[in-house]
Structure formats: structure tokens, C-alpha cells
Amino acid sequence: MNDQPQATPQDTRRVECPPAKDPAVRWFIFAAIMVGFGLYTIHDHYVQGNYAKPQPYALNAHLKYLFNHYVPYLVIPIGLIAAGLGIRHLTRRLVADEEGIGYIGEDRVPWSQIAKVDATALRKGFLHLHHGQDGKLTLDSWKLRNFKDLVSLIERSVPADRIVR
């Protein structure tokens, strides 16, 4: 997969891949936009008193009222979910060693169970590890740091006939 291993001799037995911060920052930006918009509509509708329920019924005025009344109930939970996804991304750490590969706190995949390593998209930064019946572990260079060292360890740990280039 890569002709030149990037790992130093002391790092060849264990590679830890902490999460990259860029994906989490995107989740946090999205969360801030959603929560901010929800809080703005709460302030505009409930505190300022804008967009009161129209009497007599007028379609556009009624739609403005419904939008400002119900949007906070939709966008604030979406923002909180996005913040949770950002936090989850920052707390996941991938570890690969002599025994196998996996995220800390989750099931690890032993090297003997990896049936195929799909490295056809490695130039784009993706590496797919197929294991078990339908198991697939996708490694993304944008989401993980120390990716070159990880690829080097995978290349040494999986037999060459299982690697598809």
C-alpha cells in the first residue's frame, strides 16, 4: 500500500490514532447555528411578542406564526444532537497493535479475522477492512491522525494476499 513505512522502530508494535479535530469542529459549528437560531426564534416570538397568532385567519401570517412557534422545538434538539456527535467524535480513539485493531471501549478485530483489506481508495484517504460475515471497518485519513503509521502496521499485520490494491 505504501512503499515507505512512516513508523519509527519503537512505534511498530502499537499505533494509536487520536481523532482529528476538523470533523468535530464542523459538528460544533452546525450545533451552534441550530441552537442559536432556535434561541433567536424563542426570543423573537415569545419575548419580543412578534408573530402572534393572527385574528382573522390569513395564510401567510398564520404560516409565519407556526414557523416561529414550532421551529425552536425542531432545531434546538438537532443542534444538541450535533454537539453530541462532535463530542463523540473527539472521544473515540483507534488503537492497532500486534493483536488487532479497534476503537477503545468497543470490540476489537483480531488480524486473523480480517478477510480483505480494500486499499483501492487509499489515495483518497480511505481504507476498508472487511472482517467476519458482514463486518466492515472504514478508516478515514480525515478523521484519524497517525494514518500513515496505521496503514504501515496494517500492511505488516495482514497477509499480502488479503490486500486488494
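Derivation of every value follows stated rules applied to the coordinates shown; laboratory data play no part. Note that the structure is predicted; figures quoted are calculated from it, not measured. We place every Cβ from the backbone using ideal geometry, glycine too, and count neighbours over all the protein chains shown.
Compute the FRET efficiency between Arg145 and Arg165 as 1/(1 + (r/R0)^6), taking r as their Cβ-Cβ distance and R0 = 22 Å, and round to the nearest 0.05.
Calculated transfer efficiency: 0.40.
Counting other C-beta atoms within 10 Å, which of Ile154, Ile78, Ile104 has the fewest, and how do the rest follow?
With the fewest neighbours first, Ile154, Ile78, Ile104 line up as Ile104, Ile78, Ile154.
Which percent of Cα-Cα pairs in region 101-164 sits in each 10 Å bin, short to long?
Going from the shortest bin to the longest, the percentages are 21, 60, 19, 0.
Obtain the nm distance between the two label points defined at Ile104 and His128 by a simple spin-label model: each point lies 7 Å from its Cα along the Cα-to-C-beta direction.
Going from the Ile104 label point to the His128 one covers 2.9 nm.
Mind checking the full-extension length gain between Asp97 and Arg14? Use 0.36 nm per residue of separation minus the Cα-Cα distance, one decimal, nm.
29.5 nm
Among Ile101, Pro23, Pro72, pick out the residue whose Cα is farthest towards the positive end of the charge dipole of the chain, where Lys and Arg carry +1 and Asp and Glu carry -1 on C-beta, about the Cα centre.
Sorting the options by dipole projection puts first Pro72.
Compute the distance in nm between two label points, each set 7 Å from the Cα along the Cα-to-Cβ direction, one at His43 and one at Arg156.
It works out to 5.6 nm between the two label points.
Counting pairs of alpha carbon atoms under 8 Å apart in space and at least six apart in sequence, what relative contact order in percent does the chain give?
32
Could you line up Tyr46, Tyr57 from fewest to most neighbouring Cβ atoms inside 10 Å?
Fewest-to-most ranking of Tyr46, Tyr57: Tyr57, Tyr46.
At 0.36 nm per residue, minus the direct Cα-Cα distance, what do Leu59 and Ile87 gain on full extension? Give it in nm, one decimal, please.
5.9 nm
Give me the dipole magnitude in Debye, nearest 20, for region 105-165 about the Cα centre, with unit charges on the beta carbon: positive for Lys and Arg, negative for Asp and Glu.
Dipole about the Cα centre, nearest 20: 260 debye.
When each pair of different Cα atoms in the chain is counted once in the 1/r mean, what is the Kirkwood radius in angstroms, to one decimal?
It is 19.1 Å.
Considering lysine pairs in region 1-156 that are 8 or more places apart or on different chains, how many have Cα atoms under 19 Å apart?
Value for region 1-156: 10.
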